[in-house]
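Reading through the structure tokens given below for one structure.
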Amino acid sequence: MPASEEDPVTATQASTTRTGDKLLGRVAFVTGGTRGIGAAICRSMARQGADVAAGYSGNQERAEMFAQDFAGAYPESHMSVHRGDIANPDDCRRTVAEVIERHGRLDILVNNAGITADRTVLKMTDDDWRRVIDVNLSGAFYLSQAALRHMLERGSGRIVMISSVIGETGGIGQVNYASAKAGLFGLTKTLAREAAMQVQRMGATDGLGITVNAVTPGYTSTEMLESVPDKVLDALRSKIPLGRLGEPEEVARVVHFLAADASAYITGQVWGVNGGLDM
Ligand SMILES: NC(=O)c1ccc[n+]([C@@H]2O[C@H](COP(=O)([O-])OP(=O)(O)OC[C@H]3O[C@@H](n4cnc5c(N)ncnc54)[C@H](OP(=O)(O)O)[C@@H]3O)[C@@H](O)[C@H]2O)c1
């Protein structure tokens, strides 16, 4: 058994070596894949043998840095980066088409890209409400719709939504974010049901099917938390039973688990990775 799969210390650390072959021959498109949790998901997919397409919205410098580091660390994985605003339905359809054209197929879609624009309900502007819903919820819908068409043609696929523990608990100053992240549960379960129904109607026999699941990270060490004042972070940390923030790699390992062929009997589920925060 590879050490990084079993050892609780190394499980959170990025490794540059292949640690398994669960995703060999698969192509994964990870939105927001050039930094934070998304970049960890891309690395984790590559370590399991997948080819990877990483989406981003505008931070070209970070995308180039990611591409360069990734190519050095995982030379066996074919990798591409795709720029587009997932709030824009045309960008979503274009980037999915680009990935399929570039890699020949799309087996795994990870709807990871997300933003925050925090304000209390009374101070929330129409623009902040709409923008967060558009990116965090509608983007996942447009991308999933485009990917599902292709997956149905093949009869197999995996879609994973990166929601948030805030979608389950709500969060002060986060009404737009919590609503979008909770909306992903309805999207996940409906897509899971419809995809299963369609695959059964087609009579696909390979058993892989199309599954759709959501992962709900708790507070995770990425740039998204940089705007949170230290005092607030300390208070949040004190509420986490495991007493620390999560690492992006700890979210990523659940995603690659769900993406594997052998996870074919898991669909429409919500997987918490939050240090016990929602117990
Ligand atoms: N960090 C946490 O504590 C935490 C907790 C729970 C859930 N989550 C969720 O996990 C996901 C990843 O979070 P993170 O902390 O890794 O975020 P992050 O470090 O802020 O990275 C966000 C990524 O999303 C991309 N992105 C943002 N807006 C986009 C748009 N309109 N179209 C396309 N791509 C866009 C960014 O691209 P650019 O680089 O071009 O800007 C970047 O690659 C998010 O959905 C977040 O809500 C995070």
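Each value in this text was obtained by applying a stated rule to the coordinates, not by laboratory testing. Bear in mind that the values here come from a model prediction, so they are computed numbers and not experimental data. All Cβ positions, even for glycine, are placed from backbone atoms using ideal geometry, and neighbour counts span all protein chains on display.
General remarks:
- Ranked for footprinting exposure by Cβ neighbours inside 10 Å, fewest first, ILE162, ILE133 give ILE133, ILE162.
- CD proxy at 222 nm, helix term only [per DSSP H run n ≥ 4: -39500 (n - 2.57); per residue of the chain; nearest 500]: -14000 deg cm²/dmol
- Farthest towards the positive end of the charge dipole of the chain, among the residues HIS150, HIS82, GLN200, is the Cα of GLN200, using unit charges on the Cβ of Lys, Arg, Asp and Glu.
- Order of ILE166, ILE37, ILE100 under a 10 Å beta carbon neighbour criterion, fewest first: ILE100, ILE166, ILE37
- Debye, to nearest 20: dipole size of the chain, +1 on Lys, Arg Cβ, -1 on Asp, Glu Cβ: 520
- As a proxy for reagent exposure, SER138, SER144 were ordered by neighbouring Cβ count within 10 angstrom, fewest first; the result is SER138, SER144.
- Think of each Lys and Arg Cβ as +1 and each Asp and Glu Cβ as -1; about the Cα centre, that makes the dipole of region 31-95 roughly 140 debye.
- Cα gyration tensor shape for region 35-108, rounded if a/c is under 1.5, else prolate or oblate: oblate
- When the P(r) is computed for the chain, the part past 32 Å accounts for 19% of the Cα-Cα pairs.
- Lysine pair count for the chain [Cα-Cα under 24 Å; pairs on different chains or 8 or more apart]: 5
- Span from the region 20-83 Cα centroid across to the region 250-279 one, whole angstrom: 19
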